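Heads up, the thing below is written out as structure tokens.
The values are calculated or read from the model by the stated rules, or taken from the named source; none is laboratory data. Remember, it's a predicted structure, so these values are computed and weren't measured experimentally. Here the Cβ is made from the backbone with ideal geometry for all residues, glycine too, and neighbour counts use every protein chain on show.
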Amino acid sequence: MTVQAAKWLATLAACAVATLVLARSAALAQGVPQGIPAPGPAQGGARPEAPFELVDPKVFRVCADPRNMPYSNTEGEGFENKIAEMLAKELGKSISFTWYPNAPGFVRQTLAVYKCDIIMGMPQGDDIVQVTNPYYRTAYTLVYKPGNGLDGVDTLTDPRLKDKHIGVIAGTPPATNLVLDGLMAKAKPYPLVIDTRFDSSAAAMMQDITDGTIDAGALWGPLAGHYAKQAGVPVTVVPLLKETNGPRMSYRIGMGVRYSDQEWKRELNRLIREKQPLINAMLQSYGVPLLDESNHLITPAASAK
């Protein structure tokens, strides 16, 4: 992810994005939040007795980054904003957002202290929170402008990359592969942990690709798809699905809830199953490269079935 991704991308990457967040975004997503403590008294008051899950069952309460496109922003323009609104409507709930930068301490300062009941993007396998069934699967990608000698490159081991300047977010899985493939000496690193309210490593990398500062970039899929759509020039985005060394490049992304919220998790799993075609269509409208379990790209026609 991370990848909350992306977005949680850092979380996605750190959790191996799992080393994103995506996350988140990523994603991952940029920063590794702390775990949720066991339920207990909150600051300033006692915690209600179990069974206790949602603070307000009539409100779909989301914690999100205020400026972390394509995931979320205060204007409601991100795909996590849109998916949350769709699920809230399906449940007959109103919706509210609590904003907090996607940085170290995100979970500890939001979901863990009951300021919300859901984080919309978390990598499956992350034990920081309880994660629902995944609602999408995507991968890190290689991004480059067509017509510059890299057309058809779909793996970091391709000999055509040997003398190229490649951008990479420090600490993400592709960075390990660049080291293993002998590409790091000419690589341009971008910071993993940033304040998304003021900066974007993904946007900076895409700008460097379009203006020729670097030849290519290794970037989390949701970020690559989003910024490629905004690049103003043709940009090729290729999922890295053929890597044979280093960490894996593809991750499943679900929604994060508290470990105590079992009924809430089951309700969300039901919604994900029932609304998957609409969720896929929403993600694809943002340029997210979606993968099935056989590592094939999911086309819009397949999503509609």
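Restricting the search to the stretch 69-106, which residues are at pLDDT below 95 and either polar (S, T, N, Q) or under 14 Å from residue 255 (Cα atoms) (or both)? Passing the criteria: only 102.
Based on what the data block shows, is residue 195 among the charged types (D, E, K, R) and either under 22 Å from the mean Cα position of the chain (by Cα) or under 24 Å from residue 152 (Cβ atoms) (or both)? Let's see the steps before the verdict.
Details: among the charged types (D, E, K, R): yes; either under 22 Å from the mean Cα position of the chain (by Cα) or under 24 Å from residue 152 (Cβ atoms) (or both): yes.
For residue 195, the condition - among the charged types (D, E, K, R) and either under 22 Å from the mean Cα position of the chain (by Cα) or under 24 Å from residue 152 (Cβ atoms) (or both) - is met.
Surrounded by 15 or more Cβ atoms within 10 Å (Cβ to Cβ) and of a type outside the set (A, V, I, L, M), is that true of residue 251? Here the answer is yes, as residue 251 does meet what is asked.
Note on the stretch 109-129: residues that are among the charged types (D, E, K, R) and more than 15 Å from residue 97 (Cα to Cα) total 2.
Based on what the data block shows, is residue 189 modelled with pLDDT of 95 or more, touching a helix residue (DSSP H, G or I) at 6+ places or on another chain (Cβ under 8 Å) and part of a strand (DSSP E or B)?
Details: modelled with pLDDT of 95 or more: yes; touching a helix residue (DSSP H, G or I) at 6+ places or on another chain (Cβ under 8 Å): yes; part of a strand (DSSP E or B): yes.
Criteria met by residue 189.
Inside the stretch 73-96, residues that are within 23 Å of residue 225 (Cβ to Cβ) and either in contact with a Lys or Arg (Cβ under 8 Å, 6 or more places away or on another chain) or assigned to a loop (DSSP other than H, G, I, E, B) (or both) make up a count of 9.
Per the conditions (1) within 19 Å of residue 273 (Cβ to Cβ); (2) at pLDDT 95 or above; (3) not charged (D, E, K, R), the sole criterion not satisfied by residue 124 is (2).
For the stretch 260-305, the set of residues classified as closer than 19 Å to residue 125 by Cα and surrounded by 13 or more Cβ atoms within 10 Å (Cβ to Cβ) consists of 260, 261, 262, 264, 265, 268, 269, 272, 290, 291, 295, listed by residue number. The single residue among 171, 167 that is assigned to a strand (DSSP E or B) and either touching a Leu at 6+ places or on another chain (Cβ under 8 Å) or aliphatic (A, V, I, L, M) (or both) turns out to be 167.
When residue 207 is tested against the conditions (1) part of a helix (DSSP H, G or I); (2) under 20 Å from residue 160 (Cα atoms), the lone failure is (2). Counting only strands (runs of 3 or more DSSP E) that sit completely within the stretch 215-282, those holding 1 or more residues that are β-branched (Val, Ile, Thr) correspond to 236-239, 250-257.
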